[in-house]
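Contents: one structure, followed by commentary.
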Amino acid sequence: MKFKFIEEKIFDLLMILSTFAVFGFCASIIWTILKTGFGPLTWEMITSLPGGGFYLGKEGGILNAIAGSLMIVLSSAFLGLIISIPIVFYINVYRKRSSRLSYFTRLSFDVLFGIPSIVYGAFAFTIMIFFGLKTSLLGGIIVITLLIIPIFVRSMDEVAKSVSKDLLDATYSLGATRLESCKVVLRQIAPGIATATLLSVGRAIGDAAGVLFTAGFTDNIPTSLDQPAATLPLSVFFQLSSPIPEVRERAYAAALLLTIIVLLLSLTGRILTSRFSKNRIK
Amino acid sequence: MKREQQLFLFQRILKDRAANTVMKILTFISLLTLVIMGGGLLYKSSAILSARGVWDLITGTEWSPLSGQFGFWPFILSSIYVTILAVLIGVPISLLAALYLTENAKAWVKKAVFPVLDILAGIPSVVYGLWGTLIIVPWIADRFAPHFVEYSSGYTLLAGGIVLSVMIIPLLVSLFVEMFLTIPSDLKDASASLGATRWQTSRLVVIRKASPGIIAAIVLSVSKAFGETLAVLMVCGNMVGIPHSLFDSAYPLSALIANNYGEMLSLPMYESALMFAALIMFVIIFVFNVIARTVLQRVEKKFKL
């Protein structure tokens with residue numbers, strides 16, 4: 001047999017093995033999280049605050065972390081949307097998509113997207129010191145908002161770019177101002193925005209390095225912006241470093257919970273995209 | 001025109017102008033974020049920079065904050081090693097998988113693989129870390145390392161590399177697949193008609209044609225791996241020192257920052273030193289990203305005919 005056919009066979013095999021490896025990694029991660037986390041995950045864990053001696057393996061739950069994560073992520077998503085939607089419209093409707101400003105804005109958001117969350121955390125920490133803030137819910141919200149805006153802008157821009165120029169021209173020819181055209185575009189990209197929001201929220205809720213510096217950790221649910229807030233990823237991280245097996249098991253359970261939340265968000269995002277893209281004008 | 005109509009028109013135009021101003025301000029502020037970020041980190045690290053000098057800090061190998069010694073070389077080297085390892089493991093797997101998906105795979109495999117990539121991309125860093133400590137670290141300590149060294153705790157450079165490689169695979173595969181799909185099938189047909197096997201076509205036509213994009217994707221994944229924090233923090237061992245083999249513990253820059261955030265305010269220069277670490281990461285990732293994105297945009301433009 002010729003060499004090239006042997007080569008072909010070998011690489012065919014390698015390709016299949018590689019694809020299999022991708023499936024395998026995913027299965028291994030999911031299986032590990034399920035196997036270790038499913039047992040210790042109880043209703044009590046989700047609905048109660050850490051009791052006395054929680055970190056020694058006594059009773060209690062991680063409601064503090066769940067509540068903290070939700071508060072931070074929901075506020076950040078809200079703030080992020082308010083800031084990023086106008087930016088997306090500005091570079092897609094008000095400015096020509098191909099203009100230099102749009103190009104630079106895109107490039108800088110691409111770069112911001114690539115900046116790791118630990119650097120965001122360090123940067124936000126310096127801002128907080130500058131303004132005399134301590135680690136708090138507010139600090140967490142600031143850093144997650146900074147982190148979430150590039151994700152929002154990039155994914156919404158992807159959707160907004162696909163709105164055809166003819167549609168914009170049609171609105172202008174009817175005498176609409178650019179702001180009114182934005183409303184038309186908004187209708188078109190609404191499902192895209194919903195998906196982008198869910199996916200970004202999923203990313204933000206799993207992020208730990210950013211809030212490590214800024215949100216702190218506490219056993220209580222924060223009642224005001226200047227109190228520290230616990231977060232789920234950090235709860236996993238801290239409990240995992242404990243030498244006590246019961247505490248580590250709770251880390252596994254918290255990790256499972258976190259994974260479920262993230263995957264649910266991404267699944268809902270996918271369903272939204274396929275369900276609500278009917279009204280799109282291509 | 002009636003007065004009311006005129007008023008209405010005036011209002012609409014006013015709203016449009018106002019929106020324009022608000023959006024413009026928001027966009028410019030967001031453009032400034034990068035500058036402010038770089039500037040802020042530079043300002044914060046200026047104390048240690050003026051005391052030690054950039055070169056000394058970067059090439060110094062001594063790290064003992066208590067006596068004021070800040071040498072970043074072990075950390076920088078750890079970061080670089082872990083990243084290179086992740087790329088060495090992740091890129092071949094992703095490249096072959098992406099080729100399989102675009103050239104050979106059956107429809108159901110394609111359908112099944114994208115949700116899997118979605119899941120892999122969505123799993124939080126801390127969960128990867130957990131998986132690493134439960135699966136990869138014991139595997140290295142009990143199965144893999146004993147073939148090569150007498151003892152290894154498992155919390156090693158290799159563990160960091162493997163976990164990171166799995167984390168960059170979804171990014172790489174989806175970018176590669178996207179790029180391979182832009183290669184015109186005429187080219188592949190021409191190659192096949194000359195008697196090339198599928199692999200020869202892939203190697204000599206598809207990969208070669210997509211090479212700028214491939215390189216850009218790798219650069220992007222490098223910057224992702226370089227900045228990853230919690231997962232590497234959990235599996236790398238974090239002992240200060242230059243790693244000499246795969247089975248040595250490593251201590252990347254990101255782990256350094258994350259591990260010491262609590263105590264950094266208590267020692268002189270410590271905060272400044274950690275901010276310098278963040279600045280190093282910022283600069284490296286900034287440069288890498290700008291290069292990769294510019295190349296990717298060129299590629300995108302070229303194929304959008």
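The values are calculated or read from the model by the stated rules, or taken from the named source; none is laboratory data. Note that the structure is a prediction, hence the values are computed from the model and not measured. Please note: Cβ atoms are built from the backbone with ideal geometry, for glycine as well, and neighbour counts cover all protein chains shown.
In a residue-by-residue description of segment B:274-281, the property of being at pLDDT 90 or above and under 24 Å from B:Leu175 (Cβ atoms) applies to at least one position. For segment B:176-199, state whether one or more residues are buried (at least 18 other Cβ atoms within 10 Å of the Cβ) and under 30 Å from B:Ser78 (Cα atoms). Within segment B:176-199, one or more residues are buried (at least 18 other Cβ atoms within 10 Å of the Cβ) and under 30 Å from B:Ser78 (Cα atoms).
On inspection, A:Val236 fails the criterion of being surrounded by 19 or more Cβ atoms within 10 Å (Cβ to Cβ), β-branched (Val, Ile, Thr) and more than 9 Å from chain B (Cβ to nearest Cβ).
The rows are residues; the columns are (1) in contact with a Pro (Cβ under 8 Å, 6 or more places away or on another chain); (2) part of a helix (DSSP H, G or I); (3) within 29 Å of B:Lys301 (Cα to Cα).
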| position | (1), (2), (3) |
| --- | --- |
| B:Ala141 | no, yes, no |
| B:Val149 | no, no, no |
| B:Gly160 | yes, yes, no |
| B:Ile183 | no, no, yes |
| B:Gln200 | no, yes, yes |
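Would you pick out the residues in segment A:123-142 that are part of a loop (DSSP other than H, G, I, E, B) and of a type in the set (Ser, Thr, Tyr)? Can you show your working first?
Quick first cut of segment A:123-142, residues part of a loop (DSSP other than H, G, I, E, B) only: A:131-136.
The answer is A:Thr135, A:Ser136.
Please go through segment B:202-218 and give me each residue that is more than 10 Å from chain A (Cβ to nearest Cβ) and out of contact with any Leu (no Cβ under 8 Å at 6 or more places or on another chain), ordered by number. Those that are more than 10 Å from chain A (Cβ to nearest Cβ) and out of contact with any Leu (no Cβ under 8 Å at 6 or more places or on another chain): B:Leu204, B:Arg208, B:Ala210, B:Ser211, B:Pro212, B:Ile215.
Just one of the numbered conditions (1) in contact with a helix residue (DSSP H, G or I) (Cβ under 8 Å, 6 or more places away or on another chain); (2) more than 14 Å from chain B (Cβ to nearest Cβ); (3) aliphatic (A, V, I, L, M) is not true of A:Ile83: (2).
For segment B:207-305, the helices (runs of 4 or more DSSP H) that sit wholly inside it and include 2 or more residues that are touching a residue at least 12 places away in the same chain (Cβ under 8 Å) and of a type in the set (S, T, N, Q) are B:211-227, B:253-260, B:270-303. Checking every residue in segment A:115-128 against the condition of being in contact with a helix residue (DSSP H, G or I) (Cβ under 9 Å, 6 or more places away or on another chain), more than 12 Å from chain B (Cβ to nearest Cβ), surrounded by fewer than 24 Cβ atoms within 10 Å (Cβ to Cβ) and touching a residue at least 60 places away in the same chain (Cβ under 8 Å) gives zero matches. In the set (1) in contact with a Ser or Thr (Cβ under 8 Å, 6 or more places away or on another chain); (2) at pLDDT below 90; (3) closer than 16 Å to B:Leu164 by Cβ; (4) surrounded by 21 or more Cβ atoms within 10 Å (Cβ to Cβ), B:Ala292 fails one condition alone, (3).
Being surrounded by fewer than 24 Cβ atoms within 10 Å (Cβ to Cβ), within 28 Å of A:Phe123 (Cβ to Cβ) and within 10 Å of chain B (Cβ to nearest Cβ) is a property that A:Ser224 lacks.
Would you mind finding the one in A:Thr105, A:Thr145, A:Thr171, A:Thr135 that is of a type in the set (S, T, N, Q) and facing chain B (nearest Cβ under 9 Å)?
Working: A:Thr145 fails: facing chain B (nearest Cβ under 9 Å); A:Thr171 fails: facing chain B (nearest Cβ under 9 Å); A:Thr135 fails: facing chain B (nearest Cβ under 9 Å).
Matching residue, one of A:Thr105, A:Thr145, A:Thr171, A:Thr135: A:Thr105.
One residue stands out among those in segment B:26-66 that are among the hydroxyl-bearing types (Ser, Thr, Tyr) and part of a helix (DSSP H, G or I): the one that is surrounded by the fewest Cβ atoms within 10 Å (Cβ to Cβ), which is B:Ser50.
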